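Okay, structure first, notes after.
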4 protein chains.
Amino acid sequence: MSVTRIGVLTGGGDCPGLNAVIRAVVRKGVQSHGYEFTGFRDGWRGTLDGRTVKLDIPAVRGILPRGGTILGSSRTNPLKEPDGVRRIKETLAEHEVGPLIAIGGEDTLGVAARLHEEYGIPCVGVPKTIDNDLSATDYTFGFDTAVQIATEAIDRLHTTAESHMRVLVVEVMGRHAGWIALHSGLAGGANVILVPEQPFDVDQVCAWVTSRFEASYAPIVVTAEGAVPRDGEVVLKDSSRDSFGHVRLSGVGDWLAHEIERRTGHEARTTVLGHVQRGGTPSAFDRWLATRFGLHAVDAVREGDFGKMVALRGTDIVRVPLAEAVATLKTVDPARYAEAGVFFG
Amino acid sequence: MSVTRIGVLTGGGDCPGLNAVIRAVVRKGVQSHGYEFTGFRDGWRGTLDGRTVKLDIPAVRGILPRGGTILGSSRTNPLKEPDGVRRIKETLAEHEVGPLIAIGGEDTLGVAARLHEEYGIPCVGVPKTIDNDLSATDYTFGFDTAVQIATEAIDRLHTTAESHMRVLVVEVMGRHAGWIALHSGLAGGANVILVPEQPFDVDQVCAWVTSRFEASYAPIVVTAEGAVPRDGEVVLKDSSRDSFGHVRLSGVGDWLAHEIERRTGHEARTTVLGHVQRGGTPSAFDRWLATRFGLHAVDAVREGDFGKMVALRGTDIVRVPLAEAVATLKTVDPARYAEAGVFFG
Amino acid sequence: MSVTRIGVLTGGGDCPGLNAVIRAVVRKGVQSHGYEFTGFRDGWRGTLDGRTVKLDIPAVRGILPRGGTILGSSRTNPLKEPDGVRRIKETLAEHEVGPLIAIGGEDTLGVAARLHEEYGIPCVGVPKTIDNDLSATDYTFGFDTAVQIATEAIDRLHTTAESHMRVLVVEVMGRHAGWIALHSGLAGGANVILVPEQPFDVDQVCAWVTSRFEASYAPIVVTAEGAVPRDGEVVLKDSSRDSFGHVRLSGVGDWLAHEIERRTGHEARTTVLGHVQRGGTPSAFDRWLATRFGLHAVDAVREGDFGKMVALRGTDIVRVPLAEAVATLKTVDPARYAEAGVFFG
Amino acid sequence: MSVTRIGVLTGGGDCPGLNAVIRAVVRKGVQSHGYEFTGFRDGWRGTLDGRTVKLDIPAVRGILPRGGTILGSSRTNPLKEPDGVRRIKETLAEHEVGPLIAIGGEDTLGVAARLHEEYGIPCVGVPKTIDNDLSATDYTFGFDTAVQIATEAIDRLHTTAESHMRVLVVEVMGRHAGWIALHSGLAGGANVILVPEQPFDVDQVCAWVTSRFEASYAPIVVTAEGAVPRDGEVVLKDSSRDSFGHVRLSGVGDWLAHEIERRTGHEARTTVLGHVQRGGTPSAFDRWLATRFGLHAVDAVREGDFGKMVALRGTDIVRVPLAEAVATLKTVDPARYAEAGVFFG
């Protein structure tokens, strides 16, 4: 009887914990079941082009604490490539790969769902989104790390807020979901937290800024990069150009700092953490979660339970249908946002 | 109508996040409901002696990121003190305190449960145990911080394990429950993890040590302080004395290092993290959890839902009966421990 | 005989280590010599207005690891205030303060130099500049902390540089001196380092970016906020407006990212660390340096050696004339910058 | 004309920054001068056995932030091996290696000094000792990292010292020199600092402990592992056995905690950081220093200036004769230790 050979790939943006999943998958598969593994390079692209990486135990040694992914990643959608599915099937056949473990976000897992349902390719998904916006799982790995990094930055800004009289604006990740802003803002003791789900009123922000100054110190404003002002205010976004072709570079953080200065008369400064939030070593929580996701993904393969994604529910790892897992975005609901309101101003 | 005045106390051992709870309780209570707060010093002792701390918004400013507790703590059990309940009632009456919010572990909450049930004192509990061994909640704050600190230490030891040929033993907290050892061992990539729940076989440990050397590098052994050898081995514990009155200072970490050296011939060294794990600034996760516990404890008071403890279930804060919450210890079950076994050796 | 009472003040921008100096000054003065201390609030402003803070041993307890300054700070120059010197003398007389210990940068110490030389007020200076640009001392405290924070950010960005194909630009502090950029760029393994002392050629930067992509991964570009392009390129600076009155917010980091994208076709992203670099707990090195500066400043007072600034030379603390200390800016010389060139591209 | 091929080796114990030196040596040598490099495995042992590692630019990519050494290390002294010098010469000839760059401490550099002086092998030394006890250089890399790690541990212990009434003893590295204890004790705000250079009086330690309790909180005692009590007190050292063959495991930290408990009646707890201090990623300072040492070692080779060691003096890298560099141990002198005394008790 031939050995089972499993394909592994990572898709989408960077996220601390990807390597921890890969390592756990390989350790568990090889040691418990004698499986073999083939890594595909750069997400789905590697399944189209047949570019592979050998994945055995020496290959995954030492990668647990390392950010990024040893397999590389891409945003390639094979279903939009000519002959995509046929090329994937040929690649799998050529490398004698049976099931696939796909580690990625909405897009990557959406492809896995369709490959399984429509084309009969046995897939197991592992959820990955730094934004924590997948509704089928309590948490995704990478999120805790991003929140911790943002919180440490906010901690350092408190010093300046206390010693000087400057409003400090911190722009954190989150285009569509404000989880990083909400969690790091709460953990860091921010005085205003802005999320994409709740368009903000600049005058209200300025009122909080002013009341904070009256009560004690300078305020810290944490804003998700995707937060938007209410009522027709326009935030100039990345690299737009004005009618003279001049570059206007700015995100909501810079825009807010400017508006606060203009409206309240208080000096304001911006910190834009950017990719710092999604690189580097994962937190202990994310390593633990990523490792358990990897172990349980192999269990799913072992049991032939395809078309599923592993997910965290409480402290248990469960399985949910891939199709369902990627159906809706988990956004910050108004009740959870309101909970934080007691700390504003 | 008179204002509601709520008593707050923290009991038991140090745990990062206590101040975050106190801050959230006061912010929510004052700003949303106009409550007043009285802090009792040093846990239940303050309710016996009437030693109090004023808790208003300025008093809780800036304490979110600080370890320890501004209220102090103790292990005093007022039910074992002469006239304890009467003295508590007098103190509460004197300070015009109605409900109590008690933040603590098994012992502190056990007292709260009995004060509520048997003596009619309205209590709400907030769970606190660095060991994460309360069965009614997915997590307690402080645990994530301890795991992160232990994981960072293990990360640093890997360097030495790779460059030199020394077995490295790390003793982490956990007298009765091995959660810190399990999580930090998994997150740190330990080659052996020992927990109190599963008496260990020293020969098995040595076999893992030896196989690890053969496979690659020197091994890292993570042991809970409460781990014990199987089959009559005796670990010399803190400050015991031999028959000459000589001091023999050592915990299981030192003992293991010695046994591994003796049995395998490989040099071994020990790191004992000790109180480093329970002091200092809480992780972002712990601040978030502690803050939400504090907010929801005030909700419970508001609703008159006494005799309850706030608890984390998934991403929700729920309430459970105090009596039930402290009934059983949440230990590492064999299945969860077995999950980690694939990384041993 | 009356006791010696010494005034202490901190001036200029935030800098980790200020509190460590204050603590050391007070501990040494009180315990070794029985001195008393009066803190003046908000730099020289406090000496004008007579706003003071009691500085005894309880007042400095626990401040060693804390960023900022318990005395507050300002950029007030009393020599430019009406009647400034007379008001200072009145304040000192009123509070029975003899010598002054002034902790600050070029401006603060320049005032101290003139107060001592021209007006006979006995002053001892402690140098403080996060930019490390004082020529009389090997290092100033705060600098090591800033470099460490920037280096940790760069570390995290390497992950993304490896996994994705994006140029990552990091803007660090340094308007006139590039020490933070040079040290963090070297320590973080940056592929391009830009400093204010050496106007850069954007085409050369793009050539390095391109060659780095060819050799291995995406490049990391570290730029001091004060770095400027050669040959008439114009960088849009903070909050400028175009002819329609639209805000154009951007520093050199954003500008560079845009130019690199435009000229090389590679995507680029920017991280602006901002005040994160100057807040929060000081590194061990900075605490050690600040503490020793404080101890030696008291020695200078003890010996009546006024008009001097304490300075680090090798591992020794020495004294240099205040006037000389603030005379020239210590910038990155071409030889030191050239040393780093081997890592570019 | 043939290319210059340079040998590189790392000897002695682990030390963060070794890889940073190797990388800088290779980058500079290859890019500026077209040199080739051969790494010898496991210190001098590799020069005896001819075990080598290819050192080109891809080989050193990404190693800057990594602890340990990609070359491995050992304590082998080739001058004590039969035919050692002849075997080294044969190995060098076989691999066509001319000059050697030896990175190590007293022992490794002592060998380099003799190989150069007595046997005409051209050597350049790079100093490495985590204990900072080489007299010819202001600092050695690795030291700053160790001090930072110890300081962060002490920071966390302050919380417990404040909340509970326990003496906390921290044992840090330093068998013969107390620099790590002195710097981390000062930076961490320890209440007692013990170094090997000054035998301590246990009663004096207990007096400081007691006075600290009276003044404020519980004390933190930092002790170098090599600190010894005065007047015939005996500290039980690693793995000694009593007359029954029972193991008595303990260092000075455990011993002190026990004595303090016994003599003052205050509970005491010990943290033994162990190898955590010498593993893991180097601090920014250490990376900067190690990188500059590497660059300047290549300069020395280029100039044919053999028999020298690179050293830090102020902010300059200088060269000193190898023989002189290893002649004396740089210990904590009484004046520097006395400076810290103002913080004791």
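The values are calculated or read from the model by the stated rules, or taken from the named source; none is laboratory data. Note that this is a predicted model, so its numbers are computed, not measured. Using ideal geometry, Cβ is built from the backbone for each residue, glycine included, and neighbour counts are taken over all protein chains shown. Only protein heavy atoms, including side chains, enter the accessible area calculation; ligands, DNA and RNA are left aside. Shrake-Rupley method; radii C 1.70, N 1.55, O 1.52, S 1.80 Å.
When segment C:278-287 is examined, which residues are found to be in a helix (DSSP H, G or I) and within 14 Å of the chain's Cα centre (by Cα)? Within segment C:278-287, C:ARG278, C:ASP286 meet the criteria. Residue pairs whose Cβ atoms lie under 7 Å apart, sitting 6 or more positions apart in sequence or on different chains, and linking a residue in segment C:217-228 that is without any contact (Cβ under 8 Å) to a residue 40 or more places away in the chain to a partner that is among the hydrophobic types (A, V, I, L, M, F, W, C) and open to solvent by 10 Å² or more (accessible area, probe 1.4 Å), are C:VAL228/C:VAL235.
Table: residues versus (1) without any contact (Cβ under 8 Å) to a residue 40 or more places away in the chain; (2) surrounded by fewer than 18 Cβ atoms within 10 Å (Cβ to Cβ); (3) outside any loop (DSSP other than H, G, I, E, B).
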{"site": "D:HIS258", "(1), (2), (3)": "yes, no, yes"}
{"site": "D:THR271", "(1), (2), (3)": "no, no, yes"}
{"site": "D:VAL276", "(1), (2), (3)": "no, no, yes"}
{"site": "D:PHE293", "(1), (2), (3)": "no, no, yes"}
{"site": "D:VAL298", "(1), (2), (3)": "no, no, yes"}
{"site": "D:MET309", "(1), (2), (3)": "no, no, yes"}
{"site": "D:TYR337", "(1), (2), (3)": "no, no, yes"}
{"site": "D:GLY341", "(1), (2), (3)": "yes, yes, yes"}
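A:GLY46 passes every criterion in (1) open to solvent by less than 20 Å² (accessible area, probe 1.4 Å); (2) part of a loop (DSSP other than H, G, I, E, B) apart from (2).
If the condition is being in contact with a Pro (Cβ under 9 Å, 6 or more places away or on another chain) and more than 7 Å from every other protein chain (Cβ to nearest Cβ), then segment B:159-172 contributes B:ALA161, B:VAL167. If you go through segment C:51-69 and keep only what is assigned to a loop (DSSP other than H, G, I, E, B) and open to solvent by 40 Å² or more (accessible area, probe 1.4 Å), you end up with C:ARG51, C:ASP56, C:ARG61, C:GLY62, C:PRO65, C:ARG66. The requirement of being small (Gly, Ala, Ser), without any contact (Cβ under 8 Å) to a residue 40 or more places away in the chain and either part of a loop (DSSP other than H, G, I, E, B) or assigned by TED's automatic domain parsing to the domain that holds A:LEU115 (or both) is not satisfied by A:ALA24.
Table: residues versus (1) among the polar types (S, T, N, Q); (2) farther than 22 Å from B:GLY17 by Cβ; (3) under 14 Å from the mean Cα position of the chain (by Cα).
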{"site": "A:LEU134", "(1), (2), (3)": "no, yes, yes"}
{"site": "A:THR140", "(1), (2), (3)": "yes, yes, yes"}
{"site": "A:ILE154", "(1), (2), (3)": "no, no, no"}
{"site": "A:MET165", "(1), (2), (3)": "no, yes, no"}
{"site": "A:VAL202", "(1), (2), (3)": "no, yes, no"}
{"site": "A:ARG212", "(1), (2), (3)": "no, yes, no"}
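Checking every residue in segment C:75-87 against the condition of being crowded, with 22+ Cβ neighbours inside 10 Å and under 25 Å from C:VAL3 (Cβ atoms) gives zero matches.
One line per residue, one yes/no per condition, for (1) modelled with pLDDT of 90 or more; (2) open to solvent by 10 Å² or more (accessible area, probe 1.4 Å):
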{"residue": "B:THR210", "(1), (2)": "yes, yes"}
{"residue": "B:PHE213", "(1), (2)": "yes, yes"}
{"residue": "B:PRO219", "(1), (2)": "yes, no"}
{"residue": "B:VAL228", "(1), (2)": "yes, yes"}
{"residue": "B:VAL234", "(1), (2)": "no, yes"}
{"residue": "B:SER239", "(1), (2)": "no, yes"}
{"residue": "B:ASP242", "(1), (2)": "no, yes"}
{"residue": "B:HIS246", "(1), (2)": "no, yes"}
{"residue": "B:VAL252", "(1), (2)": "yes, no"}
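The residue that is farthest from the other protein chains (Cβ to nearest Cβ), among those in segment D:32-41 that are open to solvent by less than 30 Å² (accessible area, probe 1.4 Å) and not aromatic (Phe, Trp, Tyr), is D:THR38.
The single condition among (1) polar (S, T, N, Q); (2) farther than 17 Å from C:ASP14 by Cβ; (3) touching a Leu at 6+ places or on another chain (Cβ under 8 Å) that C:GLN31 does not satisfy is (3). Quick one: is C:ALA290 more than 15 Å from the chain's Cα centre (by Cα), hydrophobic (A, V, I, L, M, F, W, C) and not assigned by TED's automatic domain parsing to the domain that holds C:SER211? Against the criterion (more than 15 Å from the chain's Cα centre (by Cα), hydrophobic (A, V, I, L, M, F, W, C) and not assigned by TED's automatic domain parsing to the domain that holds C:SER211), C:ALA290 does not qualify. Among the criteria (1) farther than 15 Å from D:VAL276 by Cβ; (2) surrounded by fewer than 24 Cβ atoms within 10 Å (Cβ to Cβ), the one D:PHE141 does not fulfil is (2). Go through the residues of segment D:182-203 one by one and say whether even a single one is farther than 19 Å from D:PHE343 by Cα, open to solvent by 10 Å² or more (accessible area, probe 1.4 Å) and either among the small types (Gly, Ala, Ser) or out of contact with any Phe, Trp or Tyr (no Cβ under 8 Å at 6 or more places or on another chain) (or both). No, segment D:182-203 has no match at all. In segment A:158-166, is there at least one residue being under 30 Å from A:VAL318 (Cα atoms) and open to solvent by 10 Å² or more (accessible area, probe 1.4 Å)? No - not one qualifying residue is present in segment A:158-166.
Scanning segment B:255-278 for residues that are of a type in the set (D, E, K, R) and either within 10 Å of chain D (Cβ to nearest Cβ) or at positive phi (or both) yields B:GLU259, B:GLU261, B:ARG262, B:ARG269, B:ARG278. Would you confirm whether any residue within segment C:11-24 is modelled with pLDDT of 95 or more and open to solvent by 10 Å² or more (accessible area, probe 1.4 Å)? Looking through segment C:11-24, at least one residue is modelled with pLDDT of 95 or more and open to solvent by 10 Å² or more (accessible area, probe 1.4 Å). Exactly one residue out of C:THR281, C:THR328 is in contact with a Gly (Cβ under 7 Å, 6 or more places away or on another chain) and either within 10 Å of chain A (Cβ to nearest Cβ) or in contact (Cβ under 8 Å) with a residue 40 or more places away in the chain (or both), and it is C:THR281.
If you check D:GLY98, D:GLY105, D:GLY29 for being more than 24 Å from D:THR140 (Cβ to Cβ) and more than 14 Å from chain B (Cβ to nearest Cβ), only one passes: D:GLY98.
Screening segment A:96-194 for helices (runs of 4 or more DSSP H) wholly inside it with 1 or more residues that are under 30 Å from A:VAL301 (Cα atoms) returns the ranges A:106-119, A:143-163. Does C:VAL318 satisfy the criteria of being touching a residue at least 40 places away in the same chain (Cβ under 8 Å) and assigned to a strand (DSSP E or B)? Answer is no for this residue.
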